[in-house]
Structure formats: C-alpha cells, structure tokens
Amino acid sequence: MVFSKSLTTKEVARLCRVSDATVKRWEEAGVLQSERTNGGHRRFRAAEVARFQRAQNPGTKISNGGKPSVKTKSRNEISLPSGSSLFHSLITGDEEEAADFMIGAFLHGTTLTKLFDEMLCPAMHQIGNLWFKGELTVAQEHLATRTAHNAIFRLRQLLPIPETSGRLAMCCGVEGDFHELPTCLAQTTMENSGWEVVNFGANMPLYSLAEEAVRNLPGVICISATILTDIERFVRDYKEFRERISKHKTQVIIGGRAFCDEEVRRRIPAENYAVSFSEVSNFLQTIIH
Ligand code: B12
C-alpha cells in the first residue's frame, strides 16, 4: 500500500487531536504551511506538521541521540511499504524506511500499541526465528534492534503530547538481560498514556532501581524480562526491592516472555502482569481513573 505524498487535513487533525476546522484555521493564519493539489485541496508535509507540533509544545522530547527534526524522504513521501517490508527495513538497517512504515501506519489510524504488538513484535519474532535457524547473524539482530529503536524515536517526535497526568513512571529491563527494545516500547506506551517516564534501559539492578524509586516516588514501575539468568537470585532481589518501596503507593507492572511462566509469576508478585503493550496501556487507564 502506498500513501499519498503528504497528509490531508483530516489526517493532520487526527494526529493533532483537533477538528478539521482548527487545522484549516492554522493554515489560513499561516502558522502551518500547506500546499494545494490541482483540485485546490490542502496537503501538509509530515516534516512541517512535526515542526508545527514541536513549536506548539516546546517541551517535546528530542530523540535519544537522534536528529531534532523528522527527516522526510527527498521525495517528501510517507509510504507504507507492504507486507514484510518492516521486517526487511529492520534487517537491512534502513531506519528511514522503518520510520516511514511506523509513521504511515500511525497516521492511518493504527494505535501505537497495535503497531508494537501486531507489527513490530512479529517482525522481531521473525528475526529471532531466523537467527535461531542460523539464517541471520547476531550482527543483523543488533542492527535490527537499533533500527527499530531509532524508528520509534522518530515516530515519538510526531506523537501528539497527551495531557499529562503529572505522574512519574519508571521502566527498565532486569539485570543480566540485554534485550532493550521492550523497555523502549514500555516507555513510549506509558508516555503516550500521559506519564512522564524515566527509562533505565536493559540490565538494570533492582537495588539501584529501588534507590531511584524511593528518591523519586514514581506511581508506576514497569519491569521487563526476556531472559532471567538466575531466577533464585532475581526472586530474592525482587523481594528486597518490594520491601524497600513498600511505604509508597507504587504499582509494579511486570512484562516480557520470562514472566509468561505461571510458576515464575507466582514467585514474583506484582499489581499487573502484561503480555502486550495494549495491556500496559489499559492498566494505566485504570490507575488514572
Ligand atoms: C534482538 C534480540 C537480541 C539482541 C538484543 C539487542 C538489544 N539491544 O536489545 C541480542 C543479540 C543482544 C540478543 C541476545 C540474546 N538472545 Co535474543 N533476541 C532478540 C530478538 C530477535 C528480538 C528481541 C526483541 O526486542 N523483541 C521485541 C519484544 C518486545 O518482543 P518479545 O520479546 O517477543 O515479547 C513479546 C512479549 O513477551 C511481550 N513483552 C516483551 N517484553 C515486554 C515488556 C513489557 C513491559 C510488556 C508489557 C510486554 C513485553 O510483548 C511481545 C509481544 O508478544 C528475540 C526474538 C523475539 N522473539 O523477540 C531474540 C530472543 C529473545 N533471544 C533469545 C536468546 C536465546 C538470546 C541469547 C541467550 C542468545 C545467546 N545464546 O547469547 C542472548 C541473551 C543475552 C542476554 N543475557 O540478554 C531467544 C530467547 C528464547 C527464550 N529463552 O525465551 C529469542 C526468543 C530468539 C529465539 N527465537 O530463540 N537477543
């Protein structure tokens, strides 16, 4: 599927969560630039919409190490490549194509969590399976993860900033686990639900997380584990961690394939066990209300 060269008034309205009339007013006032089709319809370039959003919301985060503006293709086109192209752009390290895929899907109504759960995770699964069969190298796995990260941070710059609940959340991956992407997906999901998020990334010791939690009092902590290298030690560390934060009303969300095992969950009590990022988002809604 190929998307139109630029965004329609309706698409911009959806992205900015305003009415079509508001977008037209912005355009007429000259604060949001557009071009006209031969038929006289307004078309907005994604980069211009991103610029406008940042100007309206100066607090917008700049991507981690990324460029401060969304670079569009030279032909100024947002395209949604078909089928397996997200997978292809990830393993070839084509960050721009991966970002275009995600931004295109989002602008066409795919929710962020659906994009993560139903598009990005399956592409990463496919990569993991090919690595397992020896058809992809570890280097390709690393490159794919990096490409996914960078594409998400580009998408993140375009996301409308939700009204923040004024509450702090933290997320991380467990010590000994180097899988970092889940922490990035948890961070973006929580931010999109209106939380201020501190992401400590992969391989985070629980004693240090407890120190941060006691100092900053987050409302939610989301811990992710793809691999638990030493379950007995983790259970001990986790118990200590819970004791240290017990005076505060912090809710803990546990997620990741290592926690899919019922027996592991039984030993690691938490307020919520999420198997998908939509579940994280749903759980956060229950806290806000
Ligand atoms: C990229 C990758 C790596 C990279 C990570 C780079 C980085 N900077 O992150 C590197 C090369 C370092 C790596 C290393 C290893 N990896 Co690896 N890796 C992957 C790969 C391809 C993608 C991981 C990823 O980011 N997935 C995206 C996440 C979000 O998807 P997911 O893990 O499937 O999670 C699903 C749910 O569990 C849930 N979820 C996951 N996390 C969270 C968190 C929260 C909060 C929530 C709510 C939900 C949630 O959502 C997803 C939707 O279903 C996976 C394949 C796969 N299936 O994912 C293998 C995979 C996870 N790795 C695997 C293995 C075996 C390893 C190694 C042990 C290999 C080795 N022998 O060295 C090491 C372990 C190193 C360590 N100590 O951590 C196995 C794990 C098998 C198992 N035991 O379950 C997998 C499944 C590959 C496979 N098919 O065998 N890996």
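Every number in this text was worked out from the coordinates using simple rules, so none of it is lab data. This structure is a prediction, so every number in the text was calculated from the model and none was measured. All Cβ positions, even for glycine, are placed from backbone atoms using ideal geometry, and neighbour counts span all protein chains on display.
How much net charge surrounds E27 when only other residues with a Cβ under 15 Å from its Cβ are counted (Lys, Arg +1; Asp, Glu -1)?
+3
What 222 nm value per residue comes from the helices of the chain, counting each DSSP H run with n ≥ 4 as -39,500 (n - 2.57) and dividing by all residues, nearest 500 deg cm²/dmol?
Estimated from H runs of four or more residues: -14500 deg cm²/dmol.
Report the gain in length on full extension from K24 to T110: 0.36 nm times residue separation, minus Cα-Cα distance, nm rounded to one decimal.
Between K24 and T110, full extension yields 28.6 nm more.
If you put +1 on each Lys and Arg Cβ and -1 on each Asp and Glu Cβ, how big is the dipole of segment 166-222 around its Cα centre, in Debye rounded to 20?
Dipole of segment 166-222, to the nearest 20 debye: 180 debye.
Can you tell me the mean projection area, over all orientations, of the convex hull of the chain's alpha carbons? Units nm², please. It would help to have the intermediate numbers written out before the result.
Numbers: hull surface 65.3 nm².
Mean shadow area of the hull around the Cα atoms is 16.3 nm².
Can you sort E191, E27 from fewest to most other Cβ atoms within 10 Å of each residue's own Cβ?
E27, E191
Once you have a ≥ b ≥ c as the square roots of the Cα gyration tensor eigenvalues for segment 168-288, tell me rounded if a/c is under 1.5, and otherwise prolate or oblate according to whether a/b is larger than b/c.
It comes out rounded by the Cα gyration axes.
What's the FRET efficiency of T37 with N282 using the Cβ-Cβ distance as r and R₀ = 41 Å, to the nearest 0.05?
Using R0 = 41 Å, I get an efficiency of 0.55.
Once both labels are modelled 7 Å past Cα along the beta-carbon direction, what's the T92-V275 spacing in nm?
Spacing of the two 7 Å Cα→Cβ label points: 3.5 nm.
Residue by residue, what Karplus-based ³J(HN,Hα) values in Hz, rounded to whole numbers, does segment 243-251 have, using 6.51, -1.76 and 1.60 with θ = phi - 60° and x for Gly and Pro?
With coefficients 6.51, -1.76 and 1.60, one gets 5, 5, 9, 5, 6, 9, 8, 7, 9 Hz.
Counting Lys +1, Arg +1, Asp -1, Glu -1, what net charge surrounds L185 among other residues with beta carbon under 15 Å of its beta carbon?
Neighbourhood net charge equals -1.
May I ask you to derive the FRET efficiency for V235 and R51 from their Cβ-Cβ distance with R0 = 45 Å, giving the value to the nearest 0.05?
Rounded to the nearest 0.05, the efficiency is 0.35.
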